[in-house]
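To start, the structure itself, in structure tokens.
The values are calculated or read from the model by the stated rules, or taken from the named source; none is laboratory data. Note that this is a predicted model, so its numbers are computed, not measured. When we count neighbours, we look across all protein chains shown, and the Cβ atoms used for this are built from the backbone with ideal geometry, even at glycine. Heavy atoms of the whole protein, side chains included, go into the accessibility calculation; ligands, DNA and RNA do not. Shrake-Rupley method; radii C 1.70, N 1.55, O 1.52, S 1.80 Å.
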Amino acid sequence: HYFNLTLSSGSAKMRKDESFLGKLGGTLARKKKSKEVSDLHEEGKNAINAPMLPTGTDIHPEDTLMEENAERIMLDPTSRETLKFKDLLKVLIDWINSELEEERIIVKDLEEDCYDGQVLQKLFEKLSGKKLNVAEVTQSEIGQKQKLHTVLEAVNELLRPHGWTVEWSVDSIHSKNLVAIVYLLVALVMHFQAPIRLPEHVSVQVVVVKKREGILQTALVTKELTSTTENVFINYLFLPTERDAFDTLLDHAPDKLNVVKTSLITFVNKHLNKLNLEVTDLETQFADGVYLVLLMGLLEDYFVPLYNFFLTPESFEQKVHNVAFAFELMQDGGLKKPKARPEDVVNLNLKSTLRVLYNLFTNYKDSE
């Protein structure tokens, strides 16, 4: 009984109330029991359908409504919390915010900020220099998916010829599938050779839910999001790009290349010798950026404060900082921004280093 009322004899009103409350209590009890049975049925159904589901992963209500042979992929909660994966997310978010700074777009969460296509559209337009024919703001699901379709079609047309496997789709991005979003962003980073360094060997586990003969089947699959930077970039070393004199020199006149290198070594040593420094290998000795910074100070006749750069850089990031700082000094001196990226010089890319030094040579060859 839900209510225990003591009635005085002769109180008809209270007997009437007791009768009403008793009926109400009975109704509530029946509804509660019915719901318990329903919940128990649902719990049993999920237990049968998903015996292999990893701890901490929930079956989504829409999964039970999946069509036959349909598939859904979810990030395993334990993978989401790994330091490498979190580091990868941070690097990607910082990169997007840097690229879209002029658009005044600030991304804080990849799932929430990328699913509707707006950020991806602006990012692709900035990287590719192409304007996409899409509506600027779309609130409806149909409009968002149409925008995503246009953006992803343009991305896929660009990436497929270079051997990229498309691990994303309109539905996966729009449903905030973080793995698909990260796959897409990593591909864009690599294709456009973004000036960032991605954490290497980042893998996650995903829960794959499939519906077979009316029953949900689950499996845990490992997905590799990044490998080594060197392996990923290898495909791009020989992609057609805007060719210049150094491409021709390297391809067709290696004998003349040595003459150029000798001239450049003579030029840099003429100035570095003032600090009792000497260069014998252009490719390696400028890779940490120290000699580049010191050389700029000598060419422009000023002392570079030691707190502005790392005199004995140890990490990749410190070396990139030095080379990037040297590039800033070059621009301060009236030179154009170097075509090479700081990362290329640090990674011992000979053509990039030669381009930077040759630019200095043509501008300062007559300075004492």
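Give me the net charge for the shell around MET330: Cβ to Cβ below 11 angstrom, other residues only, Lys and Arg +1, Asp and Glu -1.
Values: positive: LYS336, LYS337; negative: GLU300, GLU328, ASP332.
Cβ neighbours under 11 Å give a net charge of -1.
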>> Greater than 18 Å separation of Cα atoms is the criterion. Which listed pairs, LYS108/LYS176; LYS147/LYS176; LYS126/LYS176, meet it?
In response: LYS126/LYS176
> Scaled to the compact-protein estimate 2.2 N^0.38 Å, what is the alpha-carbon radius of gyration of the range 63-117, rounded to two decimal places?
Replying inline: 1.52
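Need one number: the % of Cα-Cα pairs in the range 257-368 sitting beyond the 19 Å mark.
Values: 2352 of 6216 pairs.
Tail of the P(r) past 19 Å holds 38 percent of the pairs.
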>> Could you tell me the ratio Rg/Rh of the range 75-237? Both radii from Cα atoms, Rh via Kirkwood.
In response: 0.96
>> I'd like the carbon and sulfur percentage of the solvent accessible area for the range 245-365, probe radius 1.4 Å, heavy atoms only, ligands and nucleic acids excluded.
In response: 53
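Of the cross-linked pairs LYS84/LYS319; LYS90/LYS337; LYS274/LYS365; LYS319/LYS365; LYS122/LYS145, which ones have a Cα-Cα span greater than 18 Å in the structure shown? Could the numbers behind the result be given before it?
On the way: LYS84/LYS319 22 Å; LYS90/LYS337 27 Å; LYS274/LYS365 16 Å; LYS319/LYS365 26 Å; LYS122/LYS145 15 Å.
LYS84/LYS319; LYS90/LYS337; LYS319/LYS365, as the Cα separations exceed 18 Å there.
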